[in-house]
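Taken together, the values in this text are just the output of simple stated rules run on the coordinates, not laboratory data. Since the model is a prediction, treat every value here as computed from it, not as a measurement. With ideal geometry, Cβ positions are generated from the backbone for all residues, glycine too; neighbour counts draw on all protein chains shown.
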């Protein structure tokens, strides 16, 4: 059960940073707060007393999103449901809606933020693979005197390990910036024990862009979740596909390269075989997800998968 | 605990009041405002019994600190319709029979309402996705889907409101689809379950549970807890005035651990205090000294000589062994054309009724100890309590509160004894509400089973002999194990007449969470093995699975496995109907999925692909924008 | 191999009704009340299955009134006659029959007075849906008038009954005995789709056929079947309470996985009515039996789809993928070839058993 001494709802970033810098040890930042209360229960943290909870959900500077220079800057209060309900975001971030529809459920998506999901640094977080695929960068802010000082960290460097990030004391995530991937096809593969409210055993996000004729991979982005302590971007595999003639054989060969990336100690064999299948499926689904392009495979699936 | 001033609008009524900073919106609704239609099923956002609208968006109120709702418009189940009225969706739930125990139903109605508010034309797959955060354990969801689709049609004007009315009766009320007489109270959130009831001067109880699987209790010191301000009483097994012990068959479980603990989560002591937090804080002040004992966690190990013994009365750790012997098994196998052997196992399963255990006890004006709880068996509870409390049976009264799902899990008298003792000790009403985690760790499970199976058949598929041996982990206490073993044995070899059989079922004590009564009472575990064997045999003999079952099925006059002569048996008609209804394509069961022609009819669902709200699975097609 | 493979399987089942291998009993009181309504008092335990509605229908039918005019008293050991527990699929059978008999007695008390009042033979009286008539005579009155008439004769129309089911114990040596007097039978067909990339199984259809004796509320019966099927599906594919050295590692609903609205098949129910010959109502029960065949039907369907025999529940994606990878090519055929080679069958069977 959770108890606390103070619950703060600042409405400016300055106030939030002041409160957070002054918060006694053991205090917590929350945004959607959807992970906080389940954590403070028997079998997990149990009885938890928190001196101060600083709730960022009303901080004006963290709301909304902007686009500029090929990047989308999502305020840290952007909730998961936005990737389903906002048509501009769906177009700009084509893998996010697929990921979002696998994330928790409609009700939790209304509260839970993408930034919070990244901050929790769970090895099985749904958010990290698509953000990594979109070259995600986190904007972090802290106070030096009265001045707000910002720095940026790539998502791949942000997560250090399970539950550990580079966030320093007094620091707050203010935004997540992502590549604008308009024109790409996106996809997300996930498996758990059921279809709703499920923690993934493994997941894979993909973004694919072909040339106008649908013959050549112009760009491929692939990222895995659930297979290691940190987000994994499949750079080697992406290079192997980029600029190449699209064929099932090529996709299958590339997918097999993914097995080596599985570092998770538990259920490794299962994760390895799932990941190989997922990478292939993610690429094919993302190809199919591209609007206005009909993909022209060089071979047929039967000849390729021998 | 710091205080918090909140101002918000709930069901169109402005509310401004002081509460505590740590409270969740759910606590504020239930405890401060007595809006108990929103339920707590899990406290972790996993079940949806607490779903409410906040500023028009459906959220789980157990995940929301109340501070987050300040300044917002909150709509709860109580606010959907005027008192005494039901919304179209609620009426549709009533019509289709979508509410059973009703505990998930306020949340489910909210989710259905949200689904149709978000998209009044939502298709069935989208409806399912939008209900995906709400668990129902009773209905199998099917009637709920039917209700939402019916409501959608009425709201859209595609169907008249008349479809929501009671069906006219024909010649008899037997066979009539009477709408449930008890549903409106559940659909409106009006029904009070045990956790929803408030009594004047009522105390809150919390239970200290064992952190060890097997340990001797050296001492329990409750003095510091008893001295705390706000604590009205602490109870341990010392407070039991009569003969301690409960259980459905063998009374081997003390109301609270007596001398030793036998499983993690066993009740050791309990505190009754002015409020929940005080009671929980007092638990931390109870000092229990344990001497850990080696435990046994595998039923087959527990049966070995020299294994750790849990109960003095059962030196071999056997709770119950049931043997069935019929015919001559050796002769049967000798005649067989084929003999098949396989091992099967099933897991421990949690009942997961959405209503965690809860209850209230008090001593009434006639000196009767009254216990109100969602018990599945108040008759037996009264008998046991009378002995435990050492009171005449008419000085113990059990009242059944609405049961928010049971499935066998609420037969055991897990906490009613503690409540009665606390009420007797304090002479005040005492309420106990389990958390979900407490319910899971303390309540009995479905018996896990290991079955060794040997079946001999003739070439034509006739079963000549069966040897069936099942070992079940009964956990730390007997509970319903004896009955479960009996039923498993009686039903073991399925609805088939078998001339020669040898069946043994055995439940064993271990230091695991106890196993007990759970819907089918052993019948499922046993018949899972038998029905798998039937298909293995059908494949081996190249017989259609329906056909091999027909060859062996019981008929009127058949002798059952316990040698009872059946006066009636309907399996012939059941199999015929199943074959017809499923459009079954005849053939032996050797991996013919790829070639069969009976797949994927209108009577199957489309595979779940997620993203149904986007036409064709592609984002961007719904054409609706929402400010978020 | 294609990613998604489908298959079908069937399983049958049987079940006994009411308490096992012992005598079972239930009591009930009935009163035809003012306004042509009724009070029923019995120790019934509504746990969500709809037994209160069912008893209201049974009482209404026996008394000749409407279910909405029936009030069923709360279950309270100090106020209601014993009807024992909610379990063993016993309440419809035990309490349904007790209420039927109690209501018949109350109705006969009323009919005796009305027969006298109208000077007709009691056998020609018929009450239904709040109306009482004397067949063959042009005589009618409402049940409200009938109760008033009966009371004016100085009689309160009440009845009480106890219903008994005569099970016997089992012999301690060979287990022989007659544990129940009524049995039900069922069968379910499952259609599944297995994702060979992940091992995930989606059940797309269930055809559930169950004998219930007599369906007092068919929609309620379906509700029991659907709920049972989904619990069976949970056990088949995902639910697993796990402990390590006695310590639970699935302490809450985040780890203990239950089926959601997205995980369930279309469920097609067929009700078979083979009335129980030993009881007045003819109804048997459905609560527990509905769950029994689901898991084996699903496992048999998985075998049909991908040729692996899942013998250990739950058949999680991980277990299924493992079994698929362990499957030696053509193993599904082994058994068939062995059929014609009698000598090999034993050895084959043992090999199966060892796997």
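Report for chain B the percent antiparallel among DSSP-assigned beta bridges with both residues inside it, nearest 5.
75 percent
Counting residues in the range A:229-302 as N, plug N into 2.2 N^0.38 Å and put the Cα Rg over that result.
1.19
Sticking to Cα atoms, compute the Rg of the range A:2-55 to one decimal and its Dmax as the biggest Cα-Cα distance, whole number, in Å.
11.5, 37
What FRET efficiency would be calculated for the residue pair residue A:263, residue A:5, taking the C-beta separation as r and a Förster radius of 56 Å, to the nearest 0.05?
Taking R0 as 56 Å, the efficiency between residue A:263 and residue A:5 is 0.90.
Report the label-to-label distance for residue A:168 and residue A:60 in nanometres (one decimal), using points 7 Å from each Cα along the Cα→Cβ vector.
Placing both labels 7 Å beyond Cα along the Cβ direction yields 2.8 nm.
Taking 2.2 N^0.38 Å as the expected size of a compact globular protein, what ratio does the Cα radius of gyration of the range A:62-179 give against it, to two decimals?
1.01
Between residue B:219 and residue B:585, what is the spin-label point distance in nm, taking each point 7 Å from the Cα along the Cα→C-beta axis?
7.5 nm
Nearest 10 degrees is fine. How inclined is helix C:317-326 to the longest principal axis of chain C, computing both from alpha carbons?
The angle comes out near 40 degrees.
For the protein assembly as shown, what does the helix formula give at 222 nm: sum of -39500 (n - 2.57) over DSSP H segments with n ≥ 4, over the residue count, nearest 500 deg cm²/dmol?
Using -39500 (n - 2.57) per qualifying helix, the result is -8000 deg cm²/dmol.
Kirkwood hydrodynamic radius, the protein assembly as shown, all distinct C-alpha pairs: what's the number in Å?
Averaging 1/r across every pair of different Cα atoms and inverting gives 32.3 Å.
Please work out the FRET efficiency for the pair residue B:452 and residue B:335, using the Cβ-Cβ distance as r and a Förster radius of 22 Å; give the result to the nearest 0.05.
0.55
Kindly identify the range B:159-199 as rounded, prolate or oblate by the Cα gyration tensor criterion: order the square roots of the eigenvalues as a ≥ b ≥ c, call it rounded if a/c is under 1.5, otherwise compare a/b with b/c, prolate if a/b is larger, else oblate.
Since a/c reaches 1.5 but b/c is at least a/b, the shape of the range B:159-199 is classed as oblate.
Let me know the mean shielding of C:304-313 by other chains, meaning the per-residue number of their Cβ atoms within 10 Å of its Cβ.
Average neighbour count from other chains, rounded to a whole number: 6.
Out of A:271, A:109, A:253, any idea which swings most in a Gaussian network model of chain A, alpha carbons joined below 10 Å?
Most flexible of the set in this elastic network: A:253.
Does the range A:169-306 classify as rounded, prolate or oblate by the C-alpha gyration tensor (a ≥ b ≥ c root eigenvalues; a/c under 1.5 gives rounded; else a/b over b/c gives prolate, otherwise oblate)?
Since a/c reaches 1.5 but b/c is at least a/b, the shape of the range A:169-306 is classed as oblate.
At 0.36 nm per residue, minus the direct Cα-Cα distance, what do residue B:55 and residue B:2 gain on full extension? Give it in nm, one decimal, please.
Extra length from residue B:55 to residue B:2 when fully extended: 16.5 nm.
Average partner chain C-beta neighbours within 10 Å, per residue of C:288-298?
Taking the mean over all residues of the peptide, I get 6.
Roughly how many nanometres apart are two label points built 7 Å out from the Cα toward the Cβ at residue A:288 and residue B:162?
Taking the simple label geometry, residue A:288 and residue B:162 are separated by 4.5 nm.
Please order B:171, B:143 by the number of other Cβ within 10 Å, starting at the fewest.
B:171, B:143
Taking square-rooted eigenvalues a ≥ b ≥ c of the alpha carbon gyration tensor, is chain B rounded, prolate or oblate, where a/c under 1.5 means rounded and, failing that, a/b exceeding b/c means prolate?
In terms of gyration-tensor shape, oblate.
Stick to Cα atoms and the Kirkwood definition of Rh, then tell me Rg/Rh for chain C.
1.12
Give me the angle, in degrees from 0 to 90, between the Cα long axis of helix A:268-289 and the longest principal axis of the Cα atoms of chain A, rounded to the nearest 10.
Helix A:268-289 and the main axis of chain A meet at about 70 degrees.
Among C:223, C:27, C:35, which one shows the biggest mean-square fluctuation in a GNM of chain C, springs joining Cα atoms closer than 10 Å?
Judging by the Gaussian network model, the answer is C:35.
Can you put A:20, B:584 in order of Cβ neighbours within 10 angstrom, beginning with the fewest?
B:584, A:20
Relative to the longest principal axis of the C-alpha atoms of chain A, give the angle of the C-alpha long axis of helix A:13-22, reported between 0 and 90° and rounded to the nearest 10°.
Relative to chain A, helix A:13-22 is tipped by roughly 70 degrees.
Given springs between every Cα pair under 10 Å in a Gaussian network model of chain C, which of C:181, C:242, C:224 has the largest fluctuation?
The residue that fluctuates most here is C:242.
Using R₀ = 60 Å, calculate the FRET efficiency as 1/(1 + (r/R₀)^6) where r is the Cβ-Cβ separation of residue B:226 and residue B:119; round to 0.05.
0.55
Could you sort the peptides B:87-93, A:96-102 by per-residue average Cβ neighbour count (10 Å cutoff), highest mean leading?
A:96-102, B:87-93
Based on other C-beta atoms within 10 Å, arrange C:319, B:14, B:192 from fewest to most.
By the 10 Å Cβ count, ascending, the order reads B:14, B:192, C:319.
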